[in-house]
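The values are calculated or read from the model by the stated rules, or taken from the named source; none is laboratory data. Everything numeric in this text was worked out from a predicted model, so none of it was measured. As a convention, Cβ positions derive from the backbone with ideal geometry for all residues, glycine included, and neighbour counts pool all protein chains shown.
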Amino acid sequence: MDRQTLEKQYELWLTESEKTLNIPEPFLKLDRGNSEISSVEKMIDEIRRNTVRKRYGKIVSSSSSMPMVSVIMPTYNRKDFIAESVGSVLNQTFKDFSILVINDGGNVDVEDILRDFHDDRIEYFKIPHKGLSGALNTGLWASGSKYISYLDDDDFYYPDHLETLVTFLEKENLDVAYSDTCCVRQEKRDGLYVTTSKEIYSRDVVPSMFLVRNHILAPLALMHRRDCLKATGYFNEKLPVVMDWELWAHMAQKFKFSHVKHVTGEYRVRTDKTNISSNRLKMKVYSDMVRKYLMDKYILNKLDDFMKQENYAETAELLRIYIGEYPFHVKIHFIQALCHFRARNFYSAFKSCNRGINYFMQPFLDEINYLGQELFGYFRGRK
């Protein structure tokens with residue numbers, strides 16, 4: 001693989017991806033065990049970065065040195081809050097960063113707003129409309145920092161956000177860290193958004209929790225090494241929502257998520273009543289889709305291996321997570337009971353078996369109840 005061939009291949013992909021969405025980005029599925037491929041990864045990263053910056057960059061830093069942190073900020077037709085969001089990054093106590101603002105093909109151009117800051121740490125890219133995942137990926141490809149952080153164009157960092165997470169990651173030599181978040185709910189009244197409530201979101205997580213739902217309230221809470229993406233891939237551009245949950249779930253299976261119990265930012269929920277229902281429906285549909293995919297990939301596909309290894313305790317735990325979301329899979333309760341029994345956890349085996357019997361019998365009990373009501377109605381009508 002020579003550099004010129006790779007550059008032409010990437011340029012061609014960018015051109016085609018502007019016409020048709022969801023064309024897989026080249027080089028994503030490299031065999032990490034292949035020494036020849038591993039040797040060109042740095043060159044591929046450089047090709048991605050240079051090509052994206054040259055093609056889409058409107059405001060690009062001329063500095064040859066890479067900052068320690070890249071803050072990725074996607075934006076789409078929303079300029080009312082972006083100045084405050086960008087300002088919250090520029091106001092950080094930690095100074096070695098760049099802000100990559102990605103305009104996802106919106107009609108509202110925010111270039112003038114960004115230029116008014118007169119800060120060469122701000123970079124601005126305008127791409128054809130690809131959706132949130134595509135905008136996030138463009139920012140990742142254009143970045144070259146050690147750490148990646150995220151901020152939506154209407155959310156807000158507290159001044160110590162970057163310093164808190166960078167210090168924690170560096171001191172402990174960690175890959176992924178997340179902080180606590182203040183969830184601010186706002187309603188529009190007389191043309192202005194008014195805060196109606198504030199709530200602190202703080203939670204310790206383990207990898208299995210991400211298979212059920214997203215436990216990071218907002219992307220702004222999380223920072224990770226850019227190298228983590230070599231193991232997980234990038235955001236799934238087929239998902240219009242919950243793409244962050246899917247990526248965090250993959251990341252959590254490979255890297256430890258470390259919790260900094262300190263509030264470092266605000267996630268703002270603005271309840272414009274015109275689109276709440278449609279957004280909730282979309283979130284539910286895609287959440288169910290992602291949940292099933294994660295369950296199948298990380299739980300069901302592992303059961304055979306664990307059973308063959310006689311790792312019954314871990315198998316029972318995997319089944320507990322799966323049953324928590326899909327309680328009517330009767331057979332799984334009995335498999336779980338068997339695993340508990342083999343692990344000599346007899347009380348848990350009895351409980352699993354009992355649940356299986358109850359779920360197995362429930363349809364018959366419902367049918368008997370229905371027939372009883374019908375018969376009662378029939379005889380009552382004859383009197």
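Every residue in region 181-228 that is touching a Cys at 6+ places or on another chain (Cβ under 9 Å) and free of Cβ contacts under 8 Å to residues at least 24 places away in the same chain, please. Reasoning before the result, please.
We begin by selecting, within region 181-228, every residue touching a Cys at 6+ places or on another chain (Cβ under 9 Å); these are 197-201, 217-218.
Residues satisfying the conditions are S197, K198, E199.
Quick one: would you say V194 is touching a Lys or Arg at 6+ places or on another chain (Cβ under 7 Å) and of a type in the set (A, V, I, L, M)? The answer is no for V194. Screening the candidates I216, I148, I200 for the property of being exposed (fewer than 15 other Cβ atoms within 10 Å of the Cβ), among the hydrophobic types (A, V, I, L, M, F, W, C) and assigned by TED's automatic domain parsing to the domain that holds K254 yields one hit, I200.
When G144 is tested against (1) in contact (Cβ under 8 Å) with a residue 40 or more places away in the chain; (2) under 23 Å from D160 (Cα atoms); (3) in a loop (DSSP other than H, G, I, E, B); (4) more than 23 Å from the chain's Cα centre (by Cα), exactly one condition is not met: (4). Here region 44-91 is the region considered, the condition is being in contact with a Lys or Arg (Cβ under 8 Å, 6 or more places away or on another chain) and of a type in the set (S, T, Y), and the residue that is modelled with the lowest pLDDT is S61.
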